[in-house]
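Right, I'll just put the structure down here and ask away after.
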Amino acid sequence: MTNYAIRAEGLTKHYGTTKALDGIDLSVPEGTVLGVLGPNGAGKTTAVRILATLLRPDSGTATVAGHDVVRDPNAVRRSIGLTGQYASVDEQLTGRENLELFARLLDFTRPDARARAAELLSQFGLDEAGDRRAKTYSGGMRRRLDLAASLVGRPAVIFLDEPTTGLDPSKRDDVWNMVRLLTSEGTTVLLTTQYLEEADALADAITVIDLGKVIAHGTASELKQIVGGRSLQIRPADLRDTADIRAVLSRVTGRSVGELTRGLLTTPIEAEHDFTTIVADLAARGIALTEISLSLPSLDEVFFTLTGQGAANAPTDTDKELVR
């Protein structure tokens, strides 16, 4: 049987006449990452706040680490870490002081708090910056410190609500590596994000929310099948083989063959065995290749197909008010 770190059924939340959540179901197996995608105002942050016991649902049930979020919120809080869209660290304190403060708030003894802070500073590559004030940290360093603070109590489940918003790609990679480290050690992660490549890179499964409802769920590959249209691209080592490759592609797939750039042929491919048939046929003919790839649509295309809009931009003030 699958052991679930997070289970939610029929969660609803209304703000006046606005339905922030309209019957959300979520399930996250232990030690995995669930990516939650959705346009601005879809209800992602509202769902996280309910699961983290910061909001009460109007109806529905949810358990986190085996504890009911309404009936036993204190047990839930002892089991989770939460990193929101904006860093929660005190910029006037050093990195070490921030971590020690969080540890003391979690009832660590003073020696244990110092030891845990040192351990996390090392784990997150902040040893040398540990005694500097957080206000001197770069955006990526501050995000790592924020993530470290959410792990002080060694939570079984961590909620990351758009943790890389506003970071440049290199700093985003730092956070991604930290998430991979967490899951390798058995932590369960629920990640909301507006960066579709982030969900593609990190999530074991993805749930898409729109207008407060789950509109799709599956692995990245499964969701990409919604759009369909896998394409095969091939470039010969010798351009004189282009005509022969074109003939093989057309015969096997029964589809037209295009040329993206000189010598780079592409064609839609549907049958599962067509790829291996093409590779075997070209090998039998002794045709050498410098490039061959079979690609699914991007998550951006999936997102557009499901929601009717492109990947969401940074939330507006109105969006922030709606999801809270």
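The values are calculated or read from the model by the stated rules, or taken from the named source; none is laboratory data. All values derive from a computational prediction rather than experimental measurement. Virtual Cβ from ideal backbone geometry, glycine too; neighbours counted across all protein chains shown. Surface accessibility is based on the protein's heavy atoms, side chains included, excluding ligands, DNA and RNA. Shrake-Rupley method; radii C 1.70, N 1.55, O 1.52, S 1.80 Å.
Run down the lysines and flag those whose C-alpha is under 23 Å from the C-alpha of LYS213, throwing out any fewer than 8 positions away in its chain.
Reachable lysines: LYS13, LYS19, LYS44, LYS224, LYS320.
Continuing with the same structure: Given the C-alpha centroids of the range 1-80 and the range 153-224, what is the distance between them in whole angstrom?
Here the answer is 15 Å between Cα centres.
On to the next question. With every protein chain left in place, what is the accessible area per residue of the range 246-294 in square angstrom, probe 1.4 Å?
Roughly 59 Å² per residue, with all protein chains present.
Still on this structure, please answer the following. What distance in nm separates the two pseudo spin-label positions at LEU181 and SER88, each 7 Å out from Cα along the beta-carbon direction?
2.0 nm
Give, as a single signed number, the net charge of other residues whose beta carbon lies under 12 Å from the beta carbon of ILE234, with Lys and Arg counted +1 and Asp and Glu -1.
Here the charged neighbours net out to -3.
Using unit Cβ charges (K, R positive; D, E negative) and no other charged atoms, how large, in debye to the nearest 20, is the dipole of the range 59-123 about its Cα centre? Could you put the intermediate results ahead of the total?
Details: 8 positive and 9 negative charges, 27 e Å.
Its charge dipole is roughly 120 debye.
Another question about this same structure. With a sphere of radius 15 Å drawn around the Cβ of ASN98, what net charge do the other residues whose Cβ falls strictly inside it have (Lys, Arg +1; Asp, Glu -1)?
On the way: positive: ARG96, ARG104, ARG114, ARG116, ARG132, ARG133, LYS135, ARG142, ARG143, ARG144; negative: ASP90, GLU91, GLU97, GLU100, GLU119, ASP127, ASP131, ASP146.
So the environment of ASN98 carries a net charge of +2.
Sticking with this one: Below 8 Å, C-alpha to C-alpha, sequence gap of six or more: please give me the relative contact order for the chain in percent. Please list the in-between numbers first.
Details: 623 pairs, mean separation 68.9, N = 324.
Normalised by residue count, the contact order of the chain is 21 percent.
Using only Cα atoms, find the angle between the long axis of helix 95-105 and the longest principal axis of the chain, and express it within 0 to 90 degrees, rounded to the nearest 10.
Value to nearest ten degrees: 60.
Within the chain, what whole-number % of the accessible surface is contributed by carbon and sulfur, with the 1.4 Å probe and all protein chains included in the calculation? Kindly include the intermediate steps, with their values, before the conclusion.
Details: 7440 of 15380 Å².
After summing per-atom areas, the C and S share lands at 48 percent.
Another question, then. What does the net charge come to around ARG133 if you take all other residues with beta carbon closer than 10 Å to its beta carbon, with K and R at +1 and D and E at -1? Walk me through the numbers on the way to the answer.
On the way: positive: ARG132, LYS135; negative: ASP90, GLU91, GLU97, ASP131.
Cβ neighbours under 10 Å give a net charge of -2.
I'd like the GluC sites (Glu not before Pro) in the range 161-230 restricted to DSSP loop residues with at most 15 other Cβ atoms within 10 Å, sorted by number.
Values: sites: GLU185, GLU197, GLU198, GLU222; in loops: GLU185.
Taking the range 161-230 and a limit of 15 other Cβ atoms within 10 Å, the loop GluC sites (Glu not before Pro) found are GLU185.
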